[in-house]
Amino acid sequence: MPRTERFIVTRVGADGSSRRPDELIVEEPLTIQLDGVTVSTTMRTPGNDYELAVGFCFTEGLLAGARVTGVRYCAAGPAADTEFNVVSVDTGGLAPPPMPRLGLTSSSCGWCGSDQLDELAARLDPLPDIEPIPLDVLRAVPDDVRKTQVLFESTGSVHAAAVFDAAGNVSTTREDVGRHNAVDKVIGARQLSAQDAGQDARDGPASGLGLFVSGRASIEMVQKAWAGGFTTVLAVSAPTSLAVRAARRAGIMLAGFVRDDSLNVYSQPPRRRTPVA
C-alpha cells in the first residue's frame, strides 16, 4: 500500500508562483479486531499495520496477558475486499471477551481524570527502579530520531515515536499521522519481537528504555509508555497536566520542550537518583 501520494500544487513565494509536484502522506482508516470483535477504528498511515493492531490491543489492556497467536488482514474474506484496512488480532479466545467499540479513536477519548489513573495503577505493574538517563543524552535524542524519519523528510506531516537506550542509541522508529498510532506501532513491534524470542509478554518489553514522541505528551502517550514498560518519556513539546500526574503516579521520568541546550523535567521519581546534566 502506498504511504505517500504525489500532487501538483501551486507554490507561492516572493518571486511569484509556480506549479510543482509535492509528496503528501496517505491517511486511511484502520479497523482493529480482537478475536473477531471490532475494538477500534483509527485514522493511520498505512504500513506496520500488524504492529499497530497488536500495540493498540496491548496498551489498552485488551490482551490481559494473553499471547497473540496470529495477526492478519480481514479474517472474514480477502484482504483486497477491505483495501487492507481491517486487521484481525487473534488469541484463540484466551483474551477477555472485548466490548465492541464504535467511532474513531482519538487522543482525547475516554479520559475523565483521577478515576482513570486509579484504574491504570490497578491494571499496570509498578515500574522498576533504574538509574535515570542523563539529561545530556536526552537532549541529543530528537536529532538522532530525526535522521530516521524517512516519511517526515519527504512529506513534513507525520509524527514519530522511537525507542532509545541509556546511551541515546535509537533502536526502533515508527511514523504515522497519529502520535498514538506511532507509539502503538513501536510497542507492537517490541511485543511481536518478544513473542518471537519466546519471552512472556507480561514481563514488559522495554524496562530501562526511553520512549520519544514528536509532539506533546498527552495522557494517552504516558498510558501507552507505562503499559509498554518505558521508564522515560521524552516529548518535543509540553505535556498535559493529566499526563504529568500519570507519569508521577507511574514512576516515569517525563521530559519535554526539548531544545538544543535545554529541556523541562516534569516528573522525576523521587526514588531515583538525580539525573546528571
Residue-wise, which Karplus ³J(HN,Hα) couplings in Hz belong to the range 61-73, taking 6.51 cos²θ - 1.76 cosθ + 1.60, θ = phi - 60°, and x for glycine or proline?
x, 6, 6, 6, x, 5, 7, 6, 9, x, 9, 7, 7
Relative contact order of the range 135-267: what whole-number percent is it, with Cα pairs under 8 angstrom and at least 6 residues apart?
20 percent
With r as the distance between the Cβ atoms of Asp129 and Leu94 and R0 = 30 Å, compute the FRET efficiency 1/(1 + (r/R0)^6) and round to 0.05.
0.40
Whole-Hz ³J(HN,Hα) for each residue in the range 190-198, computed from phi via Karplus 6.51 cos²θ - 1.76 cosθ + 1.60 with θ = phi - 60°, x for glycine and proline: what do you get?
5, 5, 5, 5, 5, 5, 4, 8, x
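Here, each number is a calculation from the coordinates, and none is a lab measurement. This structure is a prediction, so every number in the text was calculated from the model and none was measured. Quick reminder, even Gly has a Cβ in these numbers, built from the backbone with ideal geometry, and neighbours come from all protein chains shown.
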